[in-house]
1. Going by average Cβ density within 10 Å per residue, which order do the peptides 223-229, 379-385, 197-203, 212-218 take, highest to lowest?
2. Report the FRET efficiency, 1/(1 + (r/R0)^6), for Lys117 and Asp342, where r is their Cβ-Cβ distance and R0 is 41 Å, rounded to 0.05.
3. Would you please give the FRET efficiency between Lys283 and Asn48, computed as 1/(1 + (r/R0)^6) with r the Cβ-Cβ distance and R0 = 30 Å, to the nearest 0.05?
4. Greater than 27 Å separation of Cα atoms is the criterion. Which listed pairs, Lys283/Lys361; Lys117/Lys220; Lys120/Lys239; Lys283/Lys334; Lys57/Lys302, meet it?
5. Can you tell me how much longer the chain between Thr251 and Arg324 gets when fully stretched, taken as 0.36 nm per residue apart minus their C-alpha distance, in nm with one decimal?
6. Provide the net charge surrounding Leu365, with neighbours chosen by a C-beta distance below 9 Å and charges set as Lys +1, Arg +1, Asp -1, Glu -1.
7. For Trp261 and Phe378, calculate 0.36 nm times their separation in residues minus their Cα-Cα distance, and state this gained length in nm to one decimal.
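Values in this text are rule-based calculations from the coordinates and carry no lab data. Given the structure is predicted, the values throughout are model-derived calculations rather than measurements. Methodologically, a virtual Cβ is constructed for each residue, glycine included, from the backbone with ideal geometry; neighbour enumeration extends over all protein chains shown.
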Amino acid sequence: MRILTFTGKGGVGKTSVSAATAVRLSQLGYRTLVLSTDPAHSLSDSFNLNLGSEPTKIKENLYAIEVNPYVDLKENWQSVQKFYTKIFMGQGVSGVMADEMTILPGMEELFSLLRIKRYKASGLYDVLVLDTAPTGETLRLLSLPDTLAWGMKAVKNVTKYIIKPLSKPLSKMGDKIAFYVPPADAVDSVDQVFDELVDIREILTDNVKSTVRLVMNAEKMSIKETMRALTYLNLYGFKVDMVLVNRLLDTKENSGYLEKWKAIQQKYLGEIEEGFSPLPVKKLRYYEKEIVGLASLELFAKDMYGDTDPSDMMYDEPPIKFVRNGNIYEVQLKMMFANPVDIDVWVTGDELYIHIANQRKIITLPISLTGLEPGDAFFKDKWLHIPFDLNQHDKNQHRKDYDKVLN
Ligand SMILES: Nc1ncnc2c1ncn2[C@@H]1O[C@H](COP(=O)(O)OP(=O)(O)OP(=O)(O)O)[C@@H](O)[C@H]1O
Ligand SMILES: [Mg+2]
């Protein structure tokens with residue numbers, strides 16, 4: 001099953017783009033399911049239909065589902081929730097609040113993703129289109145299981161080797177201690193959820209079948225956030241194969257008082273094309289009215305894809321790589337510039353600036369690299385390599401310690 005995930009800042013057009021992509025795929029004969037993890041019923045609004053929390057057939061080859069995250073959460077997390085609610089309430093937290101405190105931000109959406117595995121295994125769909133919550137947060141969350149799975153194993157082992165053998169003597173010690181011991185079903189469901197999340201991450205980082213597409217508007221904030229998303233998605237192994245810039249005013253028509261906006265958009269569009277190259281950048285126009293209902297979505301899809309197939313791989317390698325070799329961390333960028341003479345590289349805050357001839361590129365650095373000075377950049381087979389020496393972290397720390405002593 002091919003998986004296309006659309007992500008981006010709030011309100012940029014993710015749901016509209018996802019729905020239109022699904023419409024186009026179904027026209028091409030792919031059995032397509034579009035899944036939204038947004039509890040705000042946005043897909044229903046987009047199709048102008050009442051969608052359920054199980055796949056609803058819209059037309060030949062086209063199915064849509066609006067996951068009810070609370071149902072999925074309950075199904076997978078109830079036993080854990082019960083246990084923690086009991087503890088929180090024991091500390092004087094009120095019932096509803098205690099319930100809420102057992103849900104981490106972004107967790108509802110994470111549970112919706114568990115469905116991916118089910119639909120993949122069903123064999124009923126050729127393509128799954130995922131309409132996700134703002135900018136890759138969930139995908140980042142999905143990268144946690146590596147760390148969390150370790151913790152979960154520890155919990156499991158503690159239960160297996162310590163708590164179970166001790167449960168009788170513990171219970172004799174009175175209710176107070178037994179109160180804080182998680183019941184076996186809670187431990188099991190934590191374990192199961194995290195195992196499944198590891199599977200889901202594997203599915204979504206399968207770079208042959210699964211790609212992420214970034215939807216944005218030509219606005220400063222949108223560009224920054226999308227850059228950040230691109231960095232982290234690359235860092236965590238998700239393959240981004242396209243950027244879509246939505247709501248562009250038509251340059252051929254007079255837009256009245258929006259003329260100024262048009263100039264601003266064109267300026268940012270240039271920055272986007274430079275900054276995200278070599279990823280393909282798809283430009284989508286601003287329509288005179290909302291994109292609602294099948295007919296509007298068909299038109300939007302036609303403008304977006306023409307005769308092309310949305311399930312094609314639009315770009316086939318990661319545009320940014322983070323490679324660690326001992327204490328040297330290299331940021332590697334695919335560059336299309338033919339013969340670079342002058343390369344200027346510097347860092348401000350968590351942003352890496354690269355100037356080549358009159359072209360500029362800005363990359364958001366992962367937190368682990370901020371505060372480091374880049375070494376000398378060099379080109380190798382169309383890839384720009386920018387080394388960072390992690391020893392600097394230690395040196396910086398030593399310098400700070402030294403300064404402290406001196407002062
Ligand atoms: N190119 C466009 N031209 C005109 N209207 C658009 C365009 N793209 C999206 N819209 C409209 O903008 C509104 C928001 O779009 P949409 O719901 O797709 O955004 P979203 O990114 O999914 O938002 P959220 O972050 O809230 O989920 C909708 O009413 C949609 O019809
Ligand atoms: Mg939406």
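1. Final packing ranking: 212-218, 223-229, 197-203, 379-385.
2. The calculated FRET efficiency here is 0.25.
3. 0.70
4. With Cα atoms farther than 27 Å apart: Lys117/Lys220.
5. 21.8 nm
6. -2
7. 38.3 nm
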